[in-house]
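The values are calculated or read from the model by the stated rules, or taken from the named source; none is laboratory data. All values derive from a computational prediction rather than experimental measurement. Positions of Cβ are backbone-derived with ideal geometry, glycine not excepted, and every protein chain shown enters the neighbour counts. Just the protein is used for accessible areas: all its heavy atoms, side chains included, with ligands, DNA and RNA removed. Shrake-Rupley method; radii C 1.70, N 1.55, O 1.52, S 1.80 Å.
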Amino acid sequence: MVASDAYEADPGRIQAAIGEIEAIAHQALAMVGEFTTAIAAYNGWEGVDDEYAIEVGAKFDKSVLGVTETGGAIAKAVESIVNGRLLELKEISGAQGFAQENIDAALAATKGIGADGGGGGKR
């Protein structure tokens, strides 16, 4: 299949994309967990109550919090993409079902037209 900018409403491809995006979200969350675990070993490295410890410790804690919050925000953003894709998949399936129902109704309504061969029109 040739890649293009055209949009294709293929539920199978969308479902596959959802799986890949979910994997990215899980990886992002795992990275945050791994970071939190790894950084815990350095807790209190700056000291306890002297001027240096107070100044540097606060900056360090703020940096660690920033990294974990950013990682969590990335995971939530990716999760939102998954939710959007799931909604898209639901809408596509609904549109396909609606179209198929209309096709079936049109076929049923036209079944037998011209079957008698009479034509019924002026010549």
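Residues that are in contact with a Ser or Thr (Cβ under 7 Å, 6 or more places away or on another chain) and open to solvent by less than 80 Å² (accessible area, probe 1.4 Å): does the stretch 76-91 have at least one?
Residues of the stretch 76-91 that are in contact with a Ser or Thr (Cβ under 7 Å, 6 or more places away or on another chain), as a first pass: none.
No, every residue in the stretch 76-91 fails to be in contact with a Ser or Thr (Cβ under 7 Å, 6 or more places away or on another chain) and open to solvent by less than 80 Å² (accessible area, probe 1.4 Å).
Pairs only if they're at least six apart or on different chains, beta carbon under 8 angstrom, first in the stretch 66-88 and within 15 Å of Ile39 (Cα to Cα), second open to solvent by 40 Å² or more (accessible area, probe 1.4 Å) and of a type outside the set (A, V, I, L, M, F, W, C); list them, first residue then second.
Between residues of the stretch 66-88 that are within 15 Å of Ile39 (Cα to Cα) and residues that are open to solvent by 40 Å² or more (accessible area, probe 1.4 Å) and of a type outside the set (A, V, I, L, M, F, W, C), the close pairs are Thr68/Thr36.
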